[in-house]
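Report on the structure given below.
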Amino acid sequence: MSNPDAPPLCLPTTATATTTNLPESQHQEQTYRLDSIDSTITIRQFPSQGISFQLWPAAATLVTLLDRHKLRHHPSNTASPLSSTLITPHRRLRILELGSGTGIVGIAAAALLGAKVTATDLPHALPNLQFNVAANAGIFEPHGGAVEVAALQWGEKKDMEAIGGRDEYDLILGSDVVYHDHLYEPLLETLKFFLLGTDRKMVFVMGHLKRWKKESAFFKKANKYFDVDVLHTDTPSNGSRVGVIVYQFLRKKKN
Ligand SMILES: C[S@@+](CC[C@H](N)C(=O)[O-])C[C@H]1O[C@@H](n2cnc3c(N)ncnc32)[C@H](O)[C@@H]1O
C-alpha cells in the first residue's frame, strides 16, 4: 500500500502534535493510490497510540472497491461489486462513516464519489482524523467532495441526533468495526437508529476481516433486523486463511 514516490505530506498548521498530544516523532505515513482519479491519499498514523490511530485491512479493501467503482465505465474495467449499492441520488451523496479511525475510507469516498462525508469516531481519535482530512482536502475538494469530522460514540442517541439524525444520510460505511464483543450491541443500536428509523432506503456497507469465532454472535443478532448480503470477498493474503469480506446491511424486508 505504501508508495515511496508519493509527495511528502503537507502538514496543515491547524493540527499539530502539540495540540493533540500525539507523539509526532512516532508518526508513520501510509499512502494509497486512487487510480481512477490519478491521486494519492497520504494518511498519518500513530500505531503506538492504539487501534484508532492505524489503518486496518478492511479499510484498504473498501477504498479499492470505491476506486474500482469509479473506474466501472473504463473499457479495461470489470464489474463493480458496489454497482447495485451506490445508486446516485438526485443530490450530492451524503455518507456517514462509523469508526473512521485515520479517515482513509471517508476521504476516499469524498474524492471518488464527490460525496459529502461525515467521518465519526470516539473523541480521542478526532484530532488525528481531522488532521488527515485537512491534509487530503486537495484530493477530494476538486472532485466536489467534502469531509466533516464529528464525535459519535455508538449507541449514544445524543451523538446520533447531533450529526443530523436519520434522514440526513444516503449511505453508511464502516471498516473493521466488529472486533470487541462489548461493542456489538452499541454498534447494532447505531445501525438500528439509522437504518430502521427512516422510510428511506438506507444501506450500511461494512468491510470486515474475521478474526474470532465469537464474531458470529454479531452477525446472528444483525440478521434479526437486517438482510445481510456479501458484496465482495478478498482473496486471503500473507498466509491468512480468510480475506476481507464486504457486506451490505439493509432493513429486513417484511414477510
Ligand atoms: C479497528 S479500528 C478501524 C478503524 C478504521 N475504520 C479502519 O478500518 O482503518 C475501529 C475503530 O472504531 C472506533 N470505535 C471503537 N469503539 C467505538 C465506539 N464505541 N463508538 C465509536 N467508535 C468506536 C475506534 O476508535 C477505531 O477507530
> Using +1 on the beta carbon of Lys and Arg, -1 on that of Asp and Glu, and nothing else charged, what's the dipole of the chain about the Cα centre, debye to 20?
Replying inline: 1060
> Once phi is turned into θ = phi - 60°, what whole-Hz ³J(HN,Hα) does the Karplus curve with 6.51, -1.76 and 1.60 give for every residue of region 244-250, x standing for Gly and Pro?
Replying inline: 5, 10, 10, 10, 10, 10, 10
> Hey, fewest Cβ within 10 Å first, where do His180, His124, His90 land in order?
Replying inline: His90, His180, His124
> For region 25-251, what proportion of DSSP beta bridges, expressed in % and rounded to the nearest 5, is antiparallel?
Replying inline: 50
> Over 18 Å between Cα atoms, which of Lys213/Lys252; Lys192/Lys224; Lys210/Lys252; Lys201/Lys252; Lys224/Lys253 qualify?
Replying inline: Lys213/Lys252; Lys210/Lys252
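Classify region 174-255 from the C-alpha gyration tensor, please: rounded if a/c falls under 1.5, else prolate or oblate depending on whether a/b exceeds b/c.
The shape class here is prolate.
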> With a sphere of radius 12 Å drawn around the Cβ of Gly114, what net charge do the other residues whose Cβ falls strictly inside it have (Lys, Arg +1; Asp, Glu -1)?
Replying inline: +4
>> I'd like the chymotrypsin sites (Phe, Trp or Tyr not before Pro) in region 150-227 restricted to DSSP loop residues with at most 13 other Cβ atoms within 10 Å, sorted by number.
In response: Trp212
> According to the square roots a ≥ b ≥ c of the eigenvalues of the Cα gyration tensor, what is the shape class of the chain, taking rounded for a/c under 1.5, prolate for a/b larger than b/c otherwise, and oblate for the remainder?
Replying inline: rounded
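Only the coordinates and a few stated rules stand behind these numbers; no lab work does. All of these numbers come straight from a predicted model, not from anything done at the bench. Counting neighbours? That spans all protein chains shown, and the Cβs are built from the backbone with ideal geometry, glycine included.
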